[in-house]
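Shown next, in C-alpha cells, is the structure this report addresses.
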Amino acid sequence: MDRSIVTVGNFDGVHLGHRKLIDAARAMAQRNGARVVAITFDPAPAAVLNPGHEPPRIETIDRRVERLREAGVNEVVVVHPDGDWLSREAEGFVQDVAQQHAVAGWVEGPGFRFGRARRGDMTLLRAMGLRLGFEVQTVEPAIATLFDGSIRPASSSLARWLLGRGRTADAAAVLGRPFEMRGAVVRGDQRGRTIGVPTANLDPDRYAGAVVPRDGVYAGAARILDDLDDADAPEAPEFCAAISVGVKPTFAGRALTIEAHLLGYAPDDPDALYGRSLSLRFGRFLRDAWRFPSAEALRAQLARDLADARMLAGSSPMPSDSPGRMP
C-alpha cells in the first residue's frame, strides 16, 4: 500500500483554511513520496451526537468531495459516523487511521480534536506519531481579509455567519471563491413572466439543512447545466444574474424561493430551462426583500435591480450592505 499523508475534518465549504491544510499535506507528501488522503464525515459528527442542533451545511457532500479533489487531494474517504464510531477512544482512532492508510504524516490545525468526548488533541496526536512512526504537522489558520478591512481566521462557522447576514462578498473572501448554490430548475408561480422579468426557480428541497443567504436580492452569475455534476464544464453557458432569496412578501408568500433572472437569456421556448439545472454564484448583496404596494412598484424596483446587477457584472466583489457584528 502506498504511504499516505492524512488530514481529517468536516471540511465544510473547503475554505481558505482547508486549502492551506491540503497545501501543507501536499508538500509533505512530495517530500515522502506519498499521496494525500482527506478523511471527512457525512453526516457531521455533531448531527449524530446532538441531532437537530448541528450547524447547516455549506455544500453537499458530493460537492465537498469534488472541491477536495480540485484542491489536490488524491483520495477522499467519507466516513458515515454512528454512536459506536464516535465513542472510540482517541488512541484507537489514531491507530485505526494509521493502519488503514499507511500513514507517513498527519496534518491538522491547532484546534483539532478527536475521539470520545473530543479528548484527543494535537499533543496526543504528536505522541501517537512518535509511537507509530509518522510525522505530525500543525498548520495555523488561514487569514481572510474582509471588505471592512478586518482580518479573521477563515472557518466554516464564519462563512455561515456571513452568509446568514447577506454578506456574500465577505463569505467569498473566506471561501476563496463566490458562494454557490446548485439545483434543478422547477416550476414556480410564473408571476415573473407577467411583469416582464421571468425567473428560474431552484428546487428548495435541496437546501433543507443547508446554509441559505439572508433574504434579499443579490448580483451574481448563473451557469446553465445539463445536470448537477457538470458545473465546471467549460462549455456551460454563463449569464449575469439577479438572484432573489426569500418568501416573496409582495405576494404574501410563505415558502422559501431561490430564483434568478438571467440577463441576456431569451430562449424561444420559455420553458427551456425545465429539466436542466443552474449553478448560481452570489456576488454583492443589493437590497433587502420587502413588500411593495403594487406589482407596478415591484416592476420598477426590479428594473433597478437588473441595472445594478448588469453594472456589477465582471467586477470584483464589493462589500455587503447588510448589517451584523462579527461573531
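The values are calculated or read from the model by the stated rules, or taken from the named source; none is laboratory data. Here the structure is a predicted model, which is why all the values come from computation and not from measurement. We place every Cβ from the backbone using ideal geometry, glycine too, and count neighbours over all the protein chains shown. Surface areas here come from the heavy atoms of the whole protein model, side chains and all, with no ligands, DNA or RNA. Shrake-Rupley method; radii C 1.70, N 1.55, O 1.52, S 1.80 Å.
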Mind listing whichever residues of region 1-11 are open to solvent by 40 Å² or more (accessible area, probe 1.4 Å) and at pLDDT 95 or above?
R3, N10
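Restricting to region 50-78, name every residue that is farther than 22 Å from A159 by Cβ and surrounded by 15 or more Cβ atoms within 10 Å (Cβ to Cβ). Give the derivation first.
Taking region 50-78 and keeping what is farther than 22 Å from A159 by Cβ, we get 51, 74-75, 77.
Within region 50-78, N74, E75, V77 meet the criteria.
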Inter-residue pairs, beta-carbon under 7 Å, first closer than 30 Å to I61 by Cβ and in region 193-211, second at pLDDT 90 or above and in a loop (DSSP other than H, G, I, E, B), 6+ apart
A200/L273; G209/P56; A210/P56; V211/P56; V211/I58
Of the conditions (1) at pLDDT 95 or above; (2) surrounded by fewer than 23 Cβ atoms within 10 Å (Cβ to Cβ); (3) more than 17 Å from the chain's Cα centre (by Cα), V36 satisfies every one except a single condition; which number is it?
(2)
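Could you tell me whether R126 is touching a Lys or Arg at 6+ places or on another chain (Cβ under 8 Å) and open to solvent by 70 Å² or more (accessible area, probe 1.4 Å)? Full working, then the answer.
Details: touching a Lys or Arg at 6+ places or on another chain (Cβ under 8 Å): no; open to solvent by 70 Å² or more (accessible area, probe 1.4 Å): yes.
No; evaluated as a whole, the condition is false for this residue.
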Only one of these is assigned to a helix (DSSP H, G or I), in contact with a Phe, Trp or Tyr (Cβ under 9 Å, 6 or more places away or on another chain) and in contact (Cβ under 8 Å) with a residue 24 or more places away in the chain: L298, L306. Name it.
L298
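Any chance region 12-31 includes a residue that's open to solvent by 60 Å² or more (accessible area, probe 1.4 Å) and small (G, A, S)? Talk me through it step by step, then tell me what you get.
Initially, region 12-31 is screened for residues open to solvent by 60 Å² or more (accessible area, probe 1.4 Å), giving 19-20, 23, 26, 30-31.
With small (G, A, S) added as a condition, the list becomes none.
Looking through region 12-31, none of the residues is open to solvent by 60 Å² or more (accessible area, probe 1.4 Å) and small (G, A, S).
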For A46, are the conditions met, namely being among the hydrophobic types (A, V, I, L, M, F, W, C) and in contact with a Pro (Cβ under 8 Å, 6 or more places away or on another chain)?
yes
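Filtering region 267-295 down to residues that are free of Cβ contacts under 8 Å to residues at least 12 places away in the same chain and among the small types (G, A, S), which residue is nearest to G246 (Cα to Cα)? Break it down into steps so the answer makes sense when it comes.
Here is the first cut: in region 267-295, the ones free of Cβ contacts under 8 Å to residues at least 12 places away in the same chain are 267-269, 271-272, 293-294.
From the residues that got through so far, the ones that are among the small types (G, A, S) too are 272, 294.
Details: A272: 24, S294: 18 Å.
Among residues in region 267-295 that are free of Cβ contacts under 8 Å to residues at least 12 places away in the same chain and among the small types (G, A, S), the one nearest to G246 (Cα to Cα) is S294.
Let's see how each residue does on (1) of a type in the set (F, W, Y); (2) touching a residue at least 60 places away in the same chain (Cβ under 8 Å); (3) outside any helix (DSSP H, G or I):
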residue: R64; (1), (2), (3): no, no, no
residue: L68; (1), (2), (3): no, no, no
residue: V78; (1), (2), (3): no, no, yes
residue: W85; (1), (2), (3): yes, no, no
residue: F93; (1), (2), (3): yes, no, no
residue: D96; (1), (2), (3): no, no, no
residue: A104; (1), (2), (3): no, yes, yes
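For region 36-53, which residues satisfy the criterion of being of a type outside the set (A, V, I, L, M) and either free of Cβ contacts under 8 Å to residues at least 24 places away in the same chain or within 20 Å of D23 (Cβ to Cβ) (or both)?
The first filter runs over region 36-53 and keeps only residues of a type outside the set (A, V, I, L, M), leaving 40-43, 45, 50-53.
The answer is T40, N50, P51, G52, H53.
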Can you name every residue in region 113-171 that is free of Cβ contacts under 8 Å to residues at least 40 places away in the same chain, closer than 30 Å to E89 by Cβ and among the β-branched types (V, I, T)?
T123, V136, T138
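Please enumerate the residues belonging to region 129-139 that are closer than 18 Å to N32 by Cβ, open to solvent by 40 Å² or more (accessible area, probe 1.4 Å) and of a type outside the set (S, T, N, Q).
The first filter runs over region 129-139 and keeps only residues closer than 18 Å to N32 by Cβ, leaving 129-130, 132-139.
When the remaining residues are screened for being open to solvent by 40 Å² or more (accessible area, probe 1.4 Å), the result is 130, 132-133, 135, 137-138.
If the condition is that a residue be closer than 18 Å to N32 by Cβ, open to solvent by 40 Å² or more (accessible area, probe 1.4 Å) and of a type outside the set (S, T, N, Q), then L130, L132, G133, E135 are the ones that fit.
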Filter region 140-179 down to residues that are open to solvent by 60 Å² or more (accessible area, probe 1.4 Å) and within 17 Å of P56 (Cα to Cα) and give me whichever is nearest to the chain's Cα centre (by Cα).
S157
